[in-house]
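Asker: The following block contains the structure, expressed as structure tokens.
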Number of protein chains: 2
Amino acid sequence: MTFLAELQALLGADHVLTGADTDSYTLDWRGRYRGRALAVARPDSADAVAAVVRLCGRHGVPLVPQGGNTGLCGGATPADDGKAVLLSLARMNRVRAIDTDNDTITVEAGCILQAVQQAAEQAGRLFPLSLAAEGSCTIGGNLATNAGGTQVLRYGNTRDLTLGLEVVTPDGEVWHGLRGLRKDNTGYDLRDLYIGSEGTLGIITAATLKLFPLPVARCTALLAVPDVESAVQLLGRARQGFGAALTGFELMAGNCLQAVVRLFPQQRLPFSDESARSPWFALLELSDSESEAHARERFETVLGEAIEAGLASDAAIAENITQSKALWHLRESIPLAEAELGKSIKHDVSVPISRIADFVRTTNALLQERFPGIGHVIFGHLGDGNLHYNVTRAPGQEEAALLALQPQVYGVVHDSVHAHGGSISAEHGVGQLKIDELPRYKDPIELALMRRIKKALDPAGIMNPGKVVRA
Amino acid sequence: MTFLAELQALLGADHVLTGADTDSYTLDWRGRYRGRALAVARPDSADAVAAVVRLCGRHGVPLVPQGGNTGLCGGATPADDGKAVLLSLARMNRVRAIDTDNDTITVEAGCILQAVQQAAEQAGRLFPLSLAAEGSCTIGGNLATNAGGTQVLRYGNTRDLTLGLEVVTPDGEVWHGLRGLRKDNTGYDLRDLYIGSEGTLGIITAATLKLFPLPVARCTALLAVPDVESAVQLLGRARQGFGAALTGFELMAGNCLQAVVRLFPQQRLPFSDESARSPWFALLELSDSESEAHARERFETVLGEAIEAGLASDAAIAENITQSKALWHLRESIPLAEAELGKSIKHDVSVPISRIADFVRTTNALLQERFPGIGHVIFGHLGDGNLHYNVTRAPGQEEAALLALQPQVYGVVHDSVHAHGGSISAEHGVGQLKIDELPRYKDPIELALMRRIKKALDPAGIMNPGKVVRA
């Protein structure tokens, strides 16, 4: 039998796609990476995944796992040599168990993130991972890339939300590690080694995740802030004043929200004209276990003191859930407004929170020096030190002229991130986009350790080659 | 030069101990493990540690790292063949940096945990790791064993408190990974691989740790609870009602606290005689970002509802910090009371919280069947599913007779833990105590992956041999 016939015999012909049927899998959603695949395999169980991996191992065929295909770094797109099998986890989409007394949910890798959130909510619990792609990304992809999002300040990244994993190893064996334990010190932390390894060490097929109580109320406030230094001080006060009730702290440059309300006239800033021209804004969210009134009262107390201290010039506290959502909607519309303004050069970076202000000032100046007139759209999760630092056209500059500068702009921004003790990939991962940037910034000892682990666990190099680290 | 002369040349003769000077290092603090060492090396920098590791590598001499020597599983005690160098991190005890805007502290491995807590507090911050040995254990040991303690419910284990590490690899190189970043997705999670690896993959020499706001108030309540099921329901209500303000939830069998007040008459239970005879007690702690009055009011609301629902028969809410401390002191006196009652067979186990009640009932019955009349002292961190399930003498039984049963008792309890989806080492690690128990309970695939990683990172097998996993 040929390889393809064997694959079809394993999964059934319906679940092995070839030719044009693979096209939607081998192009990433932004259309930046176009690969080719020998076939798309769609197994529906860990055992079937393991059988596919063993078959590929025998034939030396590389495997590229894929969830919702919403990644930003090409991690789920195969090379264009057409030699790999793309392994889609989409059919593994069952919620296997919810345990409300243990506050855990066990789900398969192909579950859409929103379905996990909804299953938790139906059981009266919160699964707090939340990000823009939640309607189409899968929890398997979130695990593979250790996805972040808007609730990390309080609940952590995907890693912090995970207790146990089921993984198919590069040998095609199933590691049954779906433990629902909050304390377990019986050996090496393989769970966290797999989380964030982007399918290069094995394939995560299921996970046991932490659930939390549903907050009784959520309340949001938008503040006009004079500068990044003040935003950092405001964050410190908010952490002190609200404790773990502070579940969101987003920073946005004034021009982001000003573009949103210019381009989408049904949205507005809840401020006077003067405050609406603020150079920076901060969006704060409280999740309260008492009441909406209590959350608002806490906001009034702590934000009142912050305004008195000069850390903010104005604050709008949502009066109800509709107003809270409207404030979040301003924040969430930034990427849409960006897209309206034309292509930009995007960076997903983090630096220590204490160095963010200096990072922004220094990097802006370096870019102006090299590329006079160039623009910025800067926003992000200040509570995590994570900025989306995006570079836009100078007045009158053609889109193509900007994009031609991408390698140099990357160089300036990433060198500056590195000089500020930061990371060139905060929450999106490495994929193929940054694999050759890593050696420039990563401690060579660390990179050598990564290579040793890759070689130890995947000696044949069949797991998602060309991603994260070159063997 | 001989090996010892080379070692002395590296560190200075004062910092290489031999003969009887090594005795206090090669006996664990409980006197359960007696090893021997070629020498005790006391380097004072990561570079010096690296030089010692390279020297040992050249001579094929094994290394056993040691912090405060407070472990419970013999992880820091060398074998008795006297071939290993014991590497004490005690001199590496500097606080390297505190960054209040980033809420991080960078400390060397030899820092006493209490010194880390104090340095944080002096900077107006909380470092929440807290456990019985905090006055003498080191943060390096906490990292090596992923220590737990009493605040895990809210703040997580040592792993969850760590952002970056500095590690000396088995090749004697220094990995400079002291990042203070809350989001960093640039490759494999080596940090968490080293945390909890008990010195078998390298030596952690420093760490960058998370800090938190100091709570404005802490308040404690003690509840008389009819059974474990009710305690689990009470935990659910407390999580819902208090959110992240709930920083402690301890469960104690009635006989634990009854022994404490019998043996230490200056302590008392704040209850009527009837409530003081309760079969179970729960200790809850709130950390409040508003005020003590607010914490008490929250306690009154939520615990009042719990009593109405029949989940507790009585509750005592501390009126002030002195009373809060007195309640914690009851809990902390259990191990002392245990010691007064004679030696016991101890287990540090965890199971999913939803299965704790069944685990306790089943395991008690199994033990009674096998060893009629045998006693239990059961307490632990219910919020983490972590029980210290200790087995005590039957009436009239000699201590020696009980201890002779240890292997069989271990077998019964650990088999039951395993049957309930639990872990045979929740927070103490593996060390030499449980290395040969692991293969009985661990998925063989997982154990094989651990061995591959050990071999890849420490091919010569010189790092803390005989601990965690046999190569």
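Read the figures in this text as sums done on the coordinates, not as results from a lab. As the structure is a computational prediction, the values presented were derived from the model and not from experiment. FYI the Cβ positions are ideal-geometry reconstructions off the backbone, even for glycines, and counts take in every protein chain you see.
Asker: Express in whole angstrom the spacing between the alpha-carbon centres of the range B:1-41 and the range B:336-399.
Answerer: After rounding, the separation between the Cα centres reads 38 Å.
Asker: Sticking with this one: Putting +1 on Lys and Arg Cβ atoms and -1 on Asp and Glu Cβ atoms, find which of A:GLN406, A:ILE334, B:PRO65 reaches farthest to the positive end of the dipole of the protein assembly as shown.
Answerer: B:PRO65
Asker: Calculate log10 I(q)/I(0) of the range B:1-42 for q = 0.25, 0.29, 0.32, 0.33 Å⁻¹, where I(q) comes from the Debye formula with a single equal point scatterer on each Cα and nothing for solvent.
Answerer: -0.80, -0.95, -1.06, -1.10
Asker: Sticking with this structure for a sec: Looking at the range A:1-77, which trypsin sites (Lys or Arg not before Pro) are DSSP coil and have at most 14 other C-beta atoms within 10 Å of their C-beta? Display every interim value, and only then the final one.
Answerer: Details: sites: A:ARG30, A:ARG32, A:ARG34, A:ARG36, A:ARG54, A:ARG58; in loops: A:ARG30, A:ARG32, A:ARG36.
Qualifying residues, ordered by number: A:ARG30, A:ARG32.
Asker: How far is A:GLU297 from itself in the other copies, in nm, if each label sits 7 Å out from Cα along the Cα-Cβ line, shortest first?
Answerer: Copy-to-copy label distances for A:GLU297: 0.5 nm.
Asker: On to the next question. Relative to the longest principal axis of the C-alpha atoms of chain B, give the angle of the C-alpha long axis of helix B:254-263, reported between 0 and 90° and rounded to the nearest 10°.
Answerer: Value to nearest ten degrees: 80.
Asker: Quickly work out the A:ALA419-to-A:PHE3 label distance, labels modelled 7 Å from Cα along the C-beta direction, and quote it in nm with one decimal.
Answerer: 4.7
Asker: Mind checking the log10 I(q)/I(0) for the range A:67-128 at q = 0.14, 0.20 Å⁻¹? Debye, one equal scatterer per Cα, no solvent, two decimals.
Answerer: -0.52, -0.80
Asker: Would you mind getting me the FRET efficiency between A:ARG277 and A:ARG94? Use the beta-carbon distance for r and R0 = 56 Å, nearest 0.05.
Answerer: Once rounded, the FRET efficiency stands at 0.65.
Asker: Still on this model: Can you tell me how much longer the chain between B:ASP227 and B:LEU403 gets when fully stretched, taken as 0.36 nm per residue apart minus their C-alpha distance, in nm with one decimal?
Answerer: Between B:ASP227 and B:LEU403, full extension yields an extra 60.5 nm.
Asker: Would you compute, from DSSP H runs of 4+ residues alone, the mean residue ellipticity of chain A at 222 nm, taking -39500 (n - 2.57) per run and dividing by the full residue count, rounded to the nearest 500? Can you show the working numbers first?
Answerer: On the way: 18 runs with 171 residues, N = 471.
The per-residue figure over chain A is -10500 deg cm²/dmol.
Asker: May I ask for the Kirkwood hydrodynamic radius of the range B:1-115, worked out over all distinct Cα pairs and given in angstroms to one decimal?
Answerer: Details: mean 1/r = 0.0672 Å⁻¹.
It works out to 14.9 Å.
Asker: I'd like the trypsin sites (Lys or Arg not before Pro) in the range A:202-287 restricted to DSSP loop residues with at most 15 other Cβ atoms within 10 Å, sorted by number.
Answerer: In loop regions of the range A:202-287 (DSSP not H, G, I, E or B), the sparsely surrounded trypsin sites (Lys or Arg not before Pro) are A:ARG268, A:ARG277.
Asker: Distance cut-off 27 Å, Cα to Cα: go down the list B:LYS83/B:LYS343; A:LYS442/B:LYS83; A:LYS183/A:LYS434; A:LYS455/B:LYS83; A:LYS467/B:LYS455; A:LYS183/B:LYS454 and report the pairs above it.
Answerer: Violating the 27 Å limit, Cα to Cα: B:LYS83/B:LYS343; A:LYS442/B:LYS83; A:LYS183/A:LYS434; A:LYS455/B:LYS83.
Asker: Right, here's the next one. Step through the residues of the range B:31-36 one at a time and calculate ³J(HN,Hα) from phi using the Karplus curve (6.51 cos²θ - 1.76 cosθ + 1.60, θ = phi - 60°), rounding each to whole Hz and writing x for Gly and Pro.
Answerer: x, 8, 10, 10, x, 9
Asker: Given Cβ point charges of +1 (Lys, Arg) and -1 (Asp, Glu) and nothing else, what value in debye, to the nearest 20, does the dipole of the range A:102-255 about its Cα centre take?
Answerer: 580
Asker: Something else: Test of understanding: ordering B:VAL409, B:VAL107 by Cβ neighbours within 10 Å, fewest first, what list do you get?
Answerer: Ranking B:VAL409, B:VAL107 by Cβ neighbours within 10 Å, fewest first, gives B:VAL409, B:VAL107.
Asker: Any idea what the relative contact order of chain A is, in percent, if you count C-alpha pairs under 8 Å spaced at least 6 apart?
Answerer: That works out to 15 percent.
Asker: Residues of the range B:381-421 with the amide nitrogen closer than 17 Å to a label point 7 Å from the Cα of B:THR362, along Cα-to-Cβ, please.
Answerer: The answer is B:385-387, B:389, B:410-421.
Asker: Now for a separate question. Using a 7 Å offset from Cα along the direction of the beta-carbon, what are the separations from A:LEU336 to the same position in each other copy, nm, ascending?
Answerer: Copy-to-copy label distances for A:LEU336: 6.4 nm.
Asker: Okay, next question. How far apart, in nanometres, would the label points at B:ASP80 and B:ARG451 be if each is projected 7 angstrom from Cα along the Cα-to-Cβ direction?
Answerer: 2.7
Asker: Which log10 I(q)/I(0) values does the protein assembly as shown give at q = 0.08, 0.10 Å⁻¹ under the Debye formula, counting every alpha carbon as one identical point scatterer?
Answerer: With one equal scatterer per Cα and no solvent, log10 I(q)/I(0) is -0.78, -1.24.
Asker: Would you calculate the volume per residue, in Å³, of the smallest convex hull containing every Cα atom of chain B?
Answerer: Cα-based convex hull of chain B, divided per residue, equals 153 Å³.
Asker: Roughly how big is the protein assembly as shown's charge dipole about its Cα centre, with Cβ charges of +1 (Lys, Arg) and -1 (Asp, Glu), in debye to the nearest 20?
Answerer: Result for the protein assembly as shown is approximately 2000 debye, rounded to the nearest 20.
Asker: Right, another one. Which residues in the range A:373-398 place their backbone N less than 19 Å from a point set 7 Å from the Cα of A:LEU263 along the Cα-to-Cβ direction?
Answerer: Counting only backbone N, you get A:374-381, A:388-398.
Asker: Give me the dipole magnitude in Debye, nearest 20, for chain A about the Cα centre, with unit charges on the beta carbon: positive for Lys and Arg, negative for Asp and Glu. Provide the component values of the computation, followed by the final result.
Answerer: Numbers: 44 positive and 54 negative charges, 208 e Å.
That gives chain A a dipole magnitude of about 1000 debye.
Asker: Can you list which of the GluC sites (Glu not before Pro) found in the range B:346-415 are DSSP loop residues with at most 11 other C-beta atoms within 10 Å?
Answerer: Answer by residue number: B:GLU398.
Asker: Can you compute the FRET efficiency between B:GLN114 and B:LEU27 using 1/(1 + (r/R0)^6), with r the Cβ-Cβ distance and R0 = 22 Å? Round to the nearest 0.05.
Answerer: The value I calculate is 0.45.
Asker: With the dipole of the protein assembly as shown worked out from charges on the C-beta (+1 for Lys and Arg, -1 for Asp and Glu) around the Cα centre, which of A:TYR441, A:LEU211, B:ALA147 lies farthest toward the positive end?
Answerer: Value computed over the given set: A:TYR441.
Asker: Which value in Å does the Kirkwood hydrodynamic radius of the range B:315-406 take, with 1/r averaged over all unlike C-alpha pairs and then inverted?
Answerer: Final number for the Kirkwood radius of the range B:315-406 is 14.8 Å.
Asker: Along the charge dipole of the protein assembly as shown, Cβ charges K/R +1 and D/E -1, which of B:LEU286, B:LEU457, A:SER425 sits furthest on the positive end?
Answerer: Of B:LEU286, B:LEU457, A:SER425, it is B:LEU457.
Asker: Now for a different question. What do you get when you divide the Cα radius of gyration of the range A:141-289 by 2.2 N^0.38 Å, with N the number of residues? Could you put the intermediate results ahead of the total?
Answerer: Details: Rg = 20.4 Å, N = 149, 2.2 N^0.38 = 14.7 Å.
In units of the globular-protein estimate, the range A:141-289 measures up at 1.39.
Asker: Could you pull the Cα extents of the range B:375-471 along its three principal axes, largest to smallest, in whole Å?
Answerer: 52, 32, 20
Asker: Moving on. How many nanometers, to one decimal and shortest first, lie between the label point of B:LEU27 and those of its other copies, if labels sit 7 Å from Cα toward Cβ?
Answerer: Label-point separations across copies, in nm and ascending: 7.5.
Asker: Tilt of helix B:406-419 relative to the longest C-alpha principal axis of chain B, in degrees (0 to 90, nearest 10)?
Answerer: 70
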